[in-house]
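Down below is the structure, laid out as structure tokens.
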Amino acid sequence: MFRLRLTALALFASPVLCLAQTDEIQVYDASIAEKGKWNLMLHNNFTPSGIRTPAFPGAVISDKAVVGVAEWAYGATDWFEAGLYLPLYSLSHGPQVNGFKLRSLLVRPHADDHKFIYGVNFEFSVNSEHWDERRITSEIRPILGWHLNPIDIIVNPIMDTSYTGGLKSLDFAPAIRVAYNFSKNWAVAAEEYSDYGAFRDFYGVSEQFHQVWGVINHTFRWFDIETGAGHGITAASDKWTVKFMISRDLN
């Protein structure tokens with residue numbers, strides 16, 4: 001099953017600095033595991049040139065860090081997929097476990113067969129002390145997209161929360177993907193991941209996180225891969241990050 005899902009993005013008390021350390025760099029396109037099937041996706045990201053200042057005392061530093069997660073997903077119905085992220089891990093000054101996440105993904109059934117797609121993803125995160133200053137955070141990820149054969153346009157206007165400050169304190173961290181499909185098995189894409197800060201007080205442009213990516217997707221017989229490189233275009237962004245994701249159905 002070919003799934004182009006992001007990144008999305010973990011929740012942090014200091015989003016601009018911490019966004020670079022997300023375990024999942026992916027745009028969700030409303031594709032889910034088939035009903036009754038399990039899927040495993042392994043995310044791995046490496047930042048060869050990144051921010052060297054911790055977002056808070058004891059935080060993982062993104063520069064030279066490897067960050068990843070094993071994402072387990074189950075297709076409960078043709079419109080609902082349940083997910084578990086475990087373990088979340090990082091390799092910076094030694095291996096560390098960063099917590100775990102629960103996910104509920106609701107989408108238009110059989111989205112790959114439609115021109116207009118939509119859905120929404122909810123994540124509930126339990127974070128380790130070195131990963132986030134706040135123990136409990138969540139993500140709300142609306143999904144909007146258009147399959148305009150051979151071009152796909154996908155938008156994820158992501159909102160993060162740490163359950164403090166009400167709706168105005170939601171952090172706005174959108175992700176966008178524009179892909180060209182050479183065939184059912186090959187695609188190239190441009191992606192952009194951002195963090196503007198809380199709705200009540202957006203950061204200045206230089207303090208916002210903006211990273212643009214070049215991405216390749218390929219479907220093999222037994223598994224799918226997504227790989228790419230991202231370049232930060234603001235001072236608050238990691239200069240370079242690379243990602244590699246591999247997934248396959250387990251039954």
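In segment 195-226, how many residues are of a type in the set (S, T, N, Q) and under 18 Å from residue 65 (Cβ atoms)?
Residues in segment 195-226 being of a type in the set (S, T, N, Q) and under 18 Å from residue 65 (Cβ atoms): 1 in total.
What residue, of 103, 135, 141, is more than 17 Å from residue 22 (Cβ to Cβ) and of a type in the set (D, E, K, R)?
On the way: 103 fails: more than 17 Å from residue 22 (Cβ to Cβ); 141 fails: more than 17 Å from residue 22 (Cβ to Cβ).
Checking each option against the conditions leaves just 135.
Go through 42, 88, 84 for me and flag whichever is surrounded by 17 or more Cβ atoms within 10 Å (Cβ to Cβ), under 19 Å from the mean Cα position of the chain (by Cα) and either closer than 20 Å to residue 226 by Cβ or free of Cβ contacts under 8 Å to residues at least 60 places away in the same chain (or both).
Exactly one residue qualifies, and that residue is 88.
Which of (1) more than 27 Å from residue 180 (Cβ to Cβ); (2) touching a helix residue (DSSP H, G or I) at 6+ places or on another chain (Cβ under 6 Å) is the odd one out, the single condition residue 70 does not satisfy?
(2)
Of the residues 183, 194, which single one is in a loop (DSSP other than H, G, I, E, B) and modelled with pLDDT of 95 or more?
Among 183, 194, only 183 is in a loop (DSSP other than H, G, I, E, B) and modelled with pLDDT of 95 or more.
Taking the stated definitions as given, is residue 152 of a type in the set (Asp, Glu), at pLDDT below 95 and touching a strand residue (DSSP E or B) at 6+ places or on another chain (Cβ under 9 Å)?
So residue 152 fails the test.
Collect the residues in segment 45-81 that are surrounded by fewer than 18 Cβ atoms within 10 Å (Cβ to Cβ), among the β-branched types (Val, Ile, Thr) and either over 25 Å from residue 247 (Cβ atoms) or touching a Cys at 6+ places or on another chain (Cβ under 8 Å) (or both), keeping them in residue-number order.
Scanning segment 45-81 gives a single hit, 53.
Could you say whether any residue in segment 158-168 is within 24 Å of residue 82 (Cβ to Cβ), more than 14 Å from the chain's Cα centre (by Cα), at pLDDT below 95 and polar (S, T, N, Q)?
Yes.
Among what's in segment 197-215 and is in contact (Cβ under 8 Å) with a residue 12 or more places away in the chain and part of a loop (DSSP other than H, G, I, E, B), pick the residue that is nearest to residue 233 (Cα to Cα).
Across segment 197-215, the extreme among qualifying residues is 208.
The values are calculated or read from the model by the stated rules, or taken from the named source; none is laboratory data. The shown structure was predicted, so the numbers you read here are calculated from the model rather than taken from an experiment. Here the Cβ is made from the backbone with ideal geometry for all residues, glycine too, and neighbour counts use every protein chain on show.
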